[in-house]
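The block underneath contains the structure these notes are about, expressed in structure tokens.
Throughout, read-outs are computed from the coordinates displayed, never taken from laboratory work. Here the structure is a predicted model, which means the values were calculated and not measured. Here the Cβ positions follow ideal geometry from the backbone for every residue, glycine too, while neighbour counts run over all protein chains shown.
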Amino acid sequence: MRKLVYYVGASIDGYIAGPDGQSDFFPFGGEKQDAEYSEWVNARYPETVPTIMRPQAGLVGAPNQRFDTVVMGLGSYQPALNQGIPSPYKHMRQYVVSSSLGHAPDPAVTVIGDPLGLVRSLKKEKGKDIWLCGGGRLAGSVLTELDELIVKSYPVVAGGGTPMFDGPFDPTRFSVTTRESFANDVTITWLKADR
């Protein structure tokens, strides 16, 4: 069965974006150690790089390694729309969970209002795993269906913004399966659901 995997970057205090959706506060300055980190991540998860950025990352034609489907909330989708990009991950099946977007602005994107129904249906299909791209409310709403977390922890405290999970109080155990540290002080932790 396919897994639902929340692959996400977060601040030390657990925020995936600032109060207005900002992500430029994550320390990623283009230095050599950042380039080494990016190359390492892109080699393992090339499909998580938006289609428009794949040429700059040297990923044109790179096959999907882990995921063939992406599920995102409107807050994760909106920045692409604001830049005139209605299909940010053309190399994957794309779903946007939203009750306000209405119709999809691109035929390659499907808008859905029921995240749990969508995820349960996708998990029954054959294929690679499903990437939960964000945001926090969506992650909170499908917490019971999450099989794995891959958390890129950046060495910065945001102090506020969009939390990694936003939902009702529901303590859910995960176990660390592995952890990698990088020269730019980013750590990646892989965790599996304890169920």
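What's the percent breakdown of Cα-Cα distances in the range 93-195 across 5 Å bins, shortest bin first? Spelled out bin by bin, the range 93-195 gives 2, 10, 17, 21, 20, 15, 10, 5, 0 percent. With the biggest extent put first, the Cα atoms of the range 1-108 measure 43, 34, 32 Å across the principal axes.
Among the trypsin sites (Lys or Arg not before Pro) within the range 48-143, those in coil by DSSP and having at most 11 neighbouring Cβ atoms inside 10 Å are K126.
Site-free segments of the chain were taken between GluC sites (Glu not before Pro) in DSSP loops having at most 12 other Cβ atoms within 10 Å, sites themselves excluded; the longest one is 32-124.
Secondary-structure-derived ellipticity at 222 nm for the chain, considering helices only, amounts to -5500 deg cm²/dmol, per-run term -39500 (n - 2.57) for DSSP H runs with n ≥ 4.
Between (1) 47, 36, 33; (2) 50, 35, 25; (3) 41, 40, 34, which matches Cα extents along the principal axes in Å calculated for the structure shown? Answer label, from the structure shown: (3). Compared with the alpha-carbon gap, the fully stretched path from A35 to L116 is longer by 25.5 nm at 0.36 nm per residue.
Dipole magnitude for the chain: about 740 debye, using +1 per Lys or Arg Cβ and -1 per Asp or Glu Cβ, origin at the Cα centre.
Centre-to-centre separation between the Cα atoms of the range 45-114 and those of the range 150-186: 22 Å.
Ordering P107, I16, G167 by Cα displacement along the dipole of the chain toward the positive end leaves P107 in first place; charges were set at the Cβ atoms of Lys, Arg (+1) and Asp, Glu (-1).
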